[in-house]
Amino acid sequence: MLRQFRIEELQSALDKLCECAWGQVEIDTKIIEGRPFLEIIREVLRNERDLVIKSADGDTDAVDRLFGTTDLHLLRKCPCPVWLIKSTESTVIGRVMACVDFDDLDPPDQDTAEPLNREILELAASLAFIECSEFHVVHTWEAICESALRSGSTRTAIEEVDSYVRGVCLEQRHWLDRLLRKARKWIGPETYDTVKPKTNLPKGPAGEIIPALARELDIDLIIMGTVARTGIPGLIIGNTAESVLSQITCSVLAIKPPDFVTPVTLEE
């Protein structure tokens, strides 16, 4: 009796919440019992959902508590993109940031991260186009062993180190330029030229640079990949993504690689 009353109460609240969109889009509502992240993921699996949109669980006044336990489970295990919205934000998305990267271990003729980068850029460009948003594409980079080379322990001349770092920066710029030329074809020239992506190639650890740049640019939404390239599927967020997510104060749209397989099953 009490259970049925609670379900009816929740359904009434859900119907009232949906009133603002009735007549504009078709909405199906459903009350599901169980652990929230498990039932959300099972709903995705049962109905092949393309996107999960959810308000962030954490305390929006505290950076380290923006995302709650359910949010982190979804970021790690949900097979489709997850859009976590900061509840205090305006509905206007004025600035979108797409974060792209590549695997340093890839051979010269391969780019294993391209499918994920493509999905990130396509989603970001679509949102920027629909919302008439300012569109930023960010790729952070570092010169491997630069600190050791500059320390003097290797007896490498400063001029050589500077030349090496400039060369790495140039390679990173060339990679980003190639990716954006491909993105223009993926997105379509008309849409691409409308959103006019602004490229950012800051030097430094992504886990530090991306949150700082997001604050500097007053970004409303970050679109990024979350799963590490190695490790147990669905259980590990990449170290860089973990660091970024623990510091950002804006909404995030998190995307998994195309070959990601969730550890959650439809069976209990």
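Bear in mind these aren't lab numbers, they're just calculated from the coordinates by the rules spelled out. Bear in mind the structure is a predicted one, so any value in this text is a computation, not a measurement. Reconstructed Cβ throughout: ideal geometry from the backbone, glycine too, with neighbour counts over all protein chains shown.
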Given +1 on the Cβ of Lys and Arg, -1 on the Cβ of Asp and Glu, and no further charges, what dipole in debye does the stretch 51-255 carry about its Cα centre, rounded to the nearest 20?
-> 240 debye
Which whole-Hz ³J(HN,Hα) couplings does the stretch 113-130 yield from phi under the Karplus relation 6.51 cos²θ - 1.76 cosθ + 1.60, θ = phi - 60°, glycine and proline marked x?
-> 8, 4, x, 5, 4, 4, 5, 4, 5, 5, 5, 5, 5, 4, 5, 4, 5, 5
Farthest towards the positive end of the dipole of the chain, among 188, 1, 266 and with Cβ unit charges of +1 on Lys and Arg and -1 on Asp and Glu, lies the Cα of 188
Based on DSSP H runs of at least 4 residues, each adding -39500 (n - 2.57), what is the mean residue ellipticity at 222 nm of the chain after dividing by all its residues, to the nearest 500 deg cm²/dmol?
-> -14000 deg cm²/dmol
Post the alpha-carbon centroid distance, the stretch 183-217 to the stretch 1-52, in whole angstrom.
-> 35 Å
For each pair in 16/256; 30/196; 30/185; 203/256; 196/256; 16/86, compute the distance between the two Cα atoms and list the pairs where it is over 31 Å.
-> 16/256; 30/196; 30/185
